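Enquirer: Just dropping this structure here.
The values are calculated or read from the model by the stated rules, or taken from the named source; none is laboratory data. Everything numeric in this text was worked out from a predicted model, so none of it was measured. Positions of Cβ are backbone-derived with ideal geometry, glycine not excepted, and every protein chain shown enters the neighbour counts.
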Amino acid sequence: MVKFHDLNIARVKDAVAQKHTLRIACRLGYEVVAVTTVLKNGDELTAAPPPIELQLTKEEQQNFQQLSRITVVLSDKTNNSYLGNDKIKSYDILAVQPTTEKSFQVACSELNVDLITFDFSTWLGFHLKHQYVQTALRLGKYFEFTYGPAIRDTTCRRYVFQNTTDFVQRKEGQNTIISSGAEWPTDLRAPYDVANLAILFGMKEGQAKSSLTSTPRALLLKAATRRLTVKSSITIGHVTSIPEKDKWKIEGSKPPSTDAGKRQNTDDHDEPKKKKSKKLKSN
C-alpha cells in the first residue's frame, strides 16, 4: 500500500499547536511525518535538544508514524565534526541546509548526511553547480524542497517557484522529496494537491507522486542504514616502524617459518620413509 510522507513539519514551542498540525497532516492522508528541529548556529550542535516526543494518542498512531529530524544550517564556519555526536544520531533523519557554495560542496561530497535542503523562499546566494549535485546523487544523498513558504507569503512564492523550477530542471527530480515545512496547519496541503504542484515545478507525473511516496521511503531506509553503520578506525604509520616479523603482511611474501616448524616438517617427511624401508627389509 502506498504511504504518503511529509518529512518536514516544523517543531514549535506550543505543544497544542504542534499536536494540531500533526492531526491535520493525518487527516489529509499523510501516514509518515517527521518533526524537524532546526539548528541555525553550528555551535548549537553540542547542545542539540532531544527529539520531540510522540504527540498523538495510541489510537491516532495506528496508521500514522511520527519520526524525528534535525536540520543543521551550514556555513563556512560550521564545525562539521559535531554532526557525528550522539545527540545528532538520536534523530531519525539528518539533514543539512547549506548557505554558501563552499558549504554546499562539502554537503554534497564529504558529509555523511541523509538529506540536503535549501531555503528557496529567498535569493539563494550561490549557484547549485551540476557537478556537486551529481556527486551527491552518486553518494546516494537526497534533496528536498518545501512548498509551505509559498503558501504563507506572496513574495516568497515567487522565489520558491523560480528556485524550485530551476533546480528540478537541472536534475530532473532525481532523489528529490517534497515536504511542507509547515509551521501551522494552514501551511499543509493534501498529497495529491502537492503532487500537482510538483508538476507545475517541472516534475513528471510519476516523479511527482514518487517524491511523496517511494522516494522518501528510500530516504528513510538510507537513514536507518547510516545510524546502524559502525565506523572503523585505521592507524597510519611509516613502514620502518613495522616489526620484522610482520613485514611479510605488506610485502606479499609468505610468512617466515619458525625453527620448530621446520623440525616438525622434517620429522613428518622422514617418518614415512623409515616405515617404507622396514617393510622392504622384511620381504
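Enquirer: Could you tell me whether the stretch 39-58 includes any residue that is under 16 Å from the mean Cα position of the chain (by Cα) and in contact (Cβ under 8 Å) with a residue 24 or more places away in the chain?
Expert: no
Enquirer: Quick check on Glu183: is it in contact (Cβ under 8 Å) with a residue 60 or more places away in the chain and more than 22 Å from the chain's Cα centre (by Cα)?
Expert: The answer is yes for Glu183.
Enquirer: With the condition kept exactly as written, say whether any residue in the stretch 212-233 is touching a helix residue (DSSP H, G or I) at 6+ places or on another chain (Cβ under 6 Å) and either modelled with pLDDT of 95 or more or not in a helix (DSSP H, G or I) (or both).
Expert: yes
Enquirer: Still on this structure, please answer the following. Going residue by residue through the stretch 87-95, is there one that turns out to be more than 25 Å from Thr146 (Cα to Cα), at pLDDT 80 or above and not hydrophobic (A, V, I, L, M, F, W, C)?
Expert: Within the stretch 87-95, one or more residues are more than 25 Å from Thr146 (Cα to Cα), at pLDDT 80 or above and not hydrophobic (A, V, I, L, M, F, W, C).
Enquirer: Hey, could you check the stretch 132-146 for residues that are under 17 Å from Thr36 (Cβ atoms) and in contact with a Phe, Trp or Tyr (Cβ under 9 Å, 6 or more places away or on another chain) and say which is modelled with the lowest pLDDT?
Expert: Looking at the filtered set, the residue picked out is Phe145.
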